[in-house]
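Trainee: This is the structure, below, for whatever I ask next.
The values are calculated or read from the model by the stated rules, or taken from the named source; none is laboratory data. A quick note: this is a predicted structure, and the numbers were derived from the prediction, not measured. Here the Cβ positions follow ideal geometry from the backbone for every residue, glycine too, while neighbour counts run over all protein chains shown. Protein only, heavy atoms only, side chains kept; ligands, DNA and RNA dropped before computing areas. Shrake-Rupley method; radii C 1.70, N 1.55, O 1.52, S 1.80 Å.
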Amino acid sequence: MTGWAEGLELPTHTYRVTRADLVRYAGASGDRNPIHWSDRVATSVGLPGVIAHGMFTLALAGRAVDSWAGAPGRVRALGAKFTRPVVVPDDDEGAEVVVTGAVKSVEDTREGQLVTVAMTVTSGADKVLGMPTATFLGGPGAGDRVG
Amino acid sequence: MGPLLVSSGAASVLCMAVDASLAGRTFPAVAPYDVTAERVAEFAAATGTPYATGDPAPATFPIVVAFAAMQQLMADPSVGIELHHVVHGEQRFAYERPVRVGDRLAAELTVDSLRQIGGADIIATSSAVTDARGALVCTTRAVLVHKATDR
């Protein structure tokens, strides 16, 4: 199996986001802003409709990173800019969020290999996160990377 | 209804500019947050994150504590932020270790910089999330965009 190497393309992860997910996330996170559940409030501030919490979308990126790393708790850094909203329609399909990633750098440390990935996070045609990046501890044989 | 933080993409309305002396201010640690198995399981379920008893909390879980610190900043009447008009522009985490059930976390927020661009206040903050011993668990950096004029 090949190790972590710069340029390695990582498996794509696709997630669905529905209104029900946003309501659950509002409760779990404490962010009860009505733009994440009320079309009336969302459109009153100029949005096309209810949008996902930016942090919900970043949490989905975090799921992809855990999957690449092979286990939870290996992430050393995670972040992004919230550039475009993920609009979530009031139906059972919701919106789709697609997370792709490629290895940007690999650093050997005492702990093991620190792998930094540059991601692309899209919903429909929009890149919804700006410069989403993560660094994780990539143990030998870990993760669902394409080897 | 309590103070609100618009998480992304919201448009703006007329409101006062933020006080320039805000840069460099630190807001005392918010009340300790006890990380229980129920809270971690709820957060994991809400984000669809696979979770088994004993697993560390999902990577973005510390936002719950950092968010409380941001709410405190925005609720402070001396700051001059109109709560409904704040957009969450950026969020980054740097971890010393994962959050685990049993942690008692506190967050202290510092306003790192304040800039004004195109009628908006760009407020860069960092929050130190510490455990019961005072050891750093993670640092969270948030950029909050406060729109000062209508479009």
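Trainee: Note the direction-averaged projected area, equal to a quarter of the hull surface, for the Cα convex hull of the protein assembly as shown, in nm².
Mentor: 15.4 nm²
Trainee: Stokes-Einstein at 37 °C, 0.692 mPa s, Kirkwood radius from Cα pairs: D for the range A:9-138 in µm² s⁻¹?
Mentor: 214 µm²/s
Trainee: Follow-up. Would you work out the relative contact order for the range A:3-147, in percent, from Cα pairs under 8 angstrom that are 6 or more residues apart?
Mentor: Working: 307 pairs, mean separation 46.7, N = 145.
Answer for the range A:3-147 is 32 percent.
Trainee: Which is farthest toward the positive dipole end of the protein assembly as shown among A:GLY62, A:ALA20, B:MET70, measuring Cα position about the Cα centre, with Cβ charges +1 (Lys, Arg) and -1 (Asp, Glu)?
Mentor: Ranked along the dipole, the leading option is B:MET70.
Trainee: Compute, for the range B:38-151, the length of the dipole vector about the Cα centre, with Cβ point charges of +1 (Lys, Arg) and -1 (Asp, Glu) only. Units Debye, rounded to 20.
Mentor: For this selection, approximately 180 debye.
Trainee: How much net charge surrounds A:ALA28 when only the other residues with a Cβ under 12 Å from the Cβ of A:ALA28 are counted, with Lys and Arg +1 and Asp and Glu -1?
Mentor: Details: positive: A:ARG24, A:ARG32, B:ARG39; negative: A:ASP21, A:ASP31, B:GLU38, B:GLU42.
Taking every Cβ under 12 Å from that of A:ALA28, the sum is -1.
Trainee: In the protein assembly as shown, what % of DSSP beta bridges are antiparallel (nearest 5)?
Mentor: Looking only at bridges with both residues in the protein assembly as shown, the antiparallel portion is about 100 percent.
Trainee: Still on this structure: Lys and Arg at +1, Asp and Glu at -1: add these up for the other residues within a Cβ distance under 9 Å of B:ALA57 and post the number. Mind dumping the intermediate values first?
Mentor: Details: positive: B:ARG39, B:ARG100; negative: B:ASP55, B:ASP103.
Net charge in that neighbourhood comes out at 0.
Trainee: Something else now. In debye to the nearest 20, how big a dipole does the range A:1-72 give about its Cα centre with +1 on each Lys and Arg Cβ and -1 on each Asp and Glu Cβ?
Mentor: That gives a dipole near 380 debye.
Trainee: Something else now. To the nearest 100 Å², how much accessible surface do chains A and B hide from each other in total, with a 1.4 Å probe?
Mentor: Details: alone 7800 and 7970 Å², together 12870 Å².
Using a 1.4 Å probe on protein heavy atoms, the buried area is about 2900 Å².
Trainee: Give the lysines reachable from A:LYS104 as a straight Cα distance under 26 Å; neighbours fewer than 8 places away on the same chain don't count.
Mentor: Within the straight-line limit of under 26 Å, A:LYS104 reaches these lysines: A:LYS81, A:LYS127.
Trainee: For the range A:1-40 and the range A:99-138, what is the centre-to-centre distance using only Cα atoms, to the nearest Å?
Mentor: Each part's Cα centre sits 15 Å from the other's.
Trainee: Please report the relative contact order for the range B:30-151, taking Cα pairs under 8 Å with a sequence separation of at least 6, and give it as a percent rounded to a whole number.
Mentor: 28 percent
Trainee: Calculate how steeply helix A:19-29 sits against the longest principal axis of the alpha-carbon atoms of chain A, using the helix alpha-carbon long axis, and give the answer as 0 to 90 degrees to the nearest 10.
Mentor: 70 degrees
Trainee: Which value at 222 nm does chain A reach when only helices count, each DSSP H run of 4 or more adding -39,500 (n - 2.57), with the total divided by all residues and rounded to the nearest 500 deg cm²/dmol?
Mentor: Roughly -7000 deg cm²/dmol at 222 nm, from the helical runs in chain A.
Trainee: Less than 14 Å Cβ to Cβ from B:ALA132, Lys/Arg counted +1 and Asp/Glu -1: what total charge do the surrounding residues give?
Mentor: Computed value for this residue: +1.
Trainee: If I model the range B:20-147 as equal point scatterers sitting on the Cα atoms and use the Debye formula, what is log10 I(q)/I(0) at q = 0.10 Å⁻¹?
Mentor: Summing over Cα pairs of the range B:20-147 leads to -0.33.
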